[in-house]
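K.L.:
Pasting a structure here, questions to come.
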Amino acid sequence: MSTTYKLDTSTSRANPTPQPMKRLTVPAIQRRKVEGVCAQPIVMLTAYTARTAQLLDAHCDMLLVGDSLGQVIYGLPSTVPVTLDMMCAHGAAVVRGSYHSVVVVDMPFGSYEASPEQAFASASRIMKETGAAAVKLEGGEAMAPTIAFLSARGIPVVGHVGLTPQAVNALGGYAARGRSDAEADKIVNDAKALDEAGAFAIVIEGVVEPIAIAATKAVTAPTIGIGASAQCDGQVLVTEDMLGMFERTARFVKRYETLADTIEKAAQQYAADVRDRSFPEAAQTYQPKS
Ligand code: KIV
C-alpha cells in the first residue's frame, strides 16, 4: 500500500491521500486463527496521535490507542488517572490518521468495572466519538459477563490478561505474572473465560512464556503478546518504547530505533543555530517580491 502526500493549505501540514483501500475488520482478524493456528501473525502497535497513526498504519493490522498514553503522553505515574475524555480525543485522532488498521481504544480505569451497563455507556461513547472498531478492557474471569454484554450489543472487545497495569495498586508493581502454579492456572482460566464470553482477541501481557503458550493453545480467539511469547498469535508494543524514546523500559521491549538521541541532538543543534544567529537562513525567510 502506498500513500501520497499533498500540502493542505488550510493547515500547512502534509496530509496523506490514501489509495482506495478497505480497512481491515474485526471478523477478518478473528478469522486469522483457524483450528488453533494463526498462519499470519497479527501486528499491533500503539498510536496516540494522527501523525503516528499515518506512519504506522500501512505496516500494522491493528492500532491500539492504549491507556499507556497516560505515562507516554501526559507524564502520569500510571494508567490509573487516565480519563474517558483523553481516550476519546486520542482515539478520534488515530482513526483520522489511519485507513487500513483496525483501531482499538482502551477503556480507562473506572469506566467499565462497576457493571456491564456502565461498560456499555463508556464503550458506546468511545465508539461514537472516535469511530474506532473495538475497545479493550483489562481483567480476567470477573470481566467475562461484561465482555459478553458488550459483544452481544455490537461492541467488539479485546480482553487483556496477565499483567494488567490498571491493577498496579493491587498487584504491587509491574513484575511478570504466572510464576506460581496458582497464578499460572488463573491466567489460563482467565483467558478461557474471556474467550467463551466473546472477546475477539486477547492481549497477554508480562507472563512467563509457557503460560502464554498454554493460554494461546487454550483459546479460539487470537492472542496478542507483550512480554509473553513469539508463539502468541500476534505481538504488540508501545511504539515510543520500540522507537527508543525512553531510557528505561521493561525487559520485553526490543528497541528498533534510538529516537531520544536523535531528538536531543536535533534540539541541541537548533539551540546552537538560534544562539549564533545561523538560523533562519535565506531558504527559511520570506523576502519582498521584486
Ligand atoms: O495501554 C497499552 O498500551 C496497552 C498495551 C501495552 C497492551 O494496553
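K.L.:
Between the stretch 112-140 and the stretch 260-290, what's the alpha-carbon centroid distance in Å?
P.N.:
45 Å
K.L.:
Then there's this: Could you state the angle between the C-alpha long axis of helix 259-275 and the longest principal axis of the C-alpha atoms of the chain, as a value from 0 to 90 degrees rounded to the nearest 10?
P.N.:
20 degrees
K.L.:
For ALA201, what residues show an amide H to amide H distance below 5 Å, using hydrogens built from the backbone and excluding near sequence neighbours?
P.N.:
Amide H neighbours of ALA201: GLY159.
K.L.:
Modelling each spin label as a point 7 Å along the Cα-to-Cβ direction, I'd like the VAL34/ARG255 distance in nm, to one decimal.
P.N.:
Once both label points are built, they end up 4.1 nm from each other.
K.L.:
Based on the Cα gyration tensor of the chain, what are the three equivalent ellipsoid semi-axes, each the root of five times an eigenvalue, rounded to whole Å and given largest first?
P.N.:
Each semi-axis is √(5λ); the values are 37, 22, 18 Å.
K.L.:
Just to confirm a number: summing +1 for Lys and Arg and -1 for Asp and Glu over residues other than ALA212 whose beta-carbon lies under 12 angstrom from that of ALA212, what do you get?
P.N.:
Cβ neighbours under 12 Å give a net charge of -1.
K.L.:
So, in Å, what gap is there between the alpha-carbon centers of the stretch 171-189 and the stretch 28-67?
P.N.:
Between the Cα centre of the stretch 171-189 and that of the stretch 28-67, the gap is 26 Å.
K.L.:
Once you charge only the Cβ atoms, +1 for Lys and Arg and -1 for Asp and Glu, what is the size of the charge dipole of the chain about its Cα centre, to the nearest 20 debye?
P.N.:
The calculation lands at about 820 debye.
K.L.:
Using r as the Cβ-Cβ distance of GLN231 and VAL168, and R0 as 22 Å, what FRET efficiency do you calculate, to the nearest 0.05? All intermediate terms of the calculation are to be shown ahead of the outcome.
P.N.:
Working: r = 27 Å, r/R0 = 1.22.
Efficiency, rounded to the nearest 0.05: 0.25.
K.L.:
Taking the 0 to 90 degree range and rounding to the nearest ten, how far is the long axis of helix 84-96 tilted relative to the main principal axis of the chain, both from C-alpha atoms?
P.N.:
It works out to around 70 degrees.
K.L.:
Separate question: Summing -39500 (n - 2.57) over the DSSP H runs of n ≥ 4 in the chain and dividing by its residue number, what mean residue ellipticity at 222 nm do you reach, to the nearest 500 deg cm²/dmol?
P.N.:
Taken over the chain, the calculation gives -10500 deg cm²/dmol.
K.L.:
Can you give the accessible area per residue of the chain, in Å², using a 1.4 Å probe?
P.N.:
52 Å²
K.L.:
Could you work out Rg/(2.2 N^0.38 Å) for the stretch 7-84, with Rg from alpha carbons only?
P.N.:
Taking the Cα Rg and dividing by 2.2 N^0.38 Å, one obtains 1.42.
K.L.:
Just how large is the dipole of the stretch 184-229 about the Cα centre, in debye to the nearest 20, putting +1 at every Lys and Arg Cβ and -1 at every Asp and Glu Cβ? Let's see the in-between values first.
P.N.:
Working: 3 positive and 6 negative charges, 13 e Å.
Charge dipole, the stretch 184-229, about its Cα centre: 60 debye, nearest 20.
K.L.:
Another one. Treating only the Cβ of Lys, Arg, Asp and Glu as charged (+1, +1, -1, -1), what charge dipole size does the stretch 145-290 show about its Cα centre? Round to the nearest 20 debye.
P.N.:
180 debye
K.L.:
Could you tell me what percent of the accessible area of the stretch 2-259 is made up of carbon and sulfur, with a 1.4 Å probe and every protein chain present?
P.N.:
Answer for the stretch 2-259: carbon and sulfur cover 56 percent of the accessible area.
The values are calculated or read from the model by the stated rules, or taken from the named source; none is laboratory data. What you see is a predicted model; the values in this text were computed from it and never measured. All Cβ positions, even for glycine, are placed from backbone atoms using ideal geometry, and neighbour counts span all protein chains on display. Accessible surface is based on the protein model in full, side chains and every heavy atom, while ligands, DNA and RNA are left aside. Shrake-Rupley method; radii C 1.70, N 1.55, O 1.52, S 1.80 Å.
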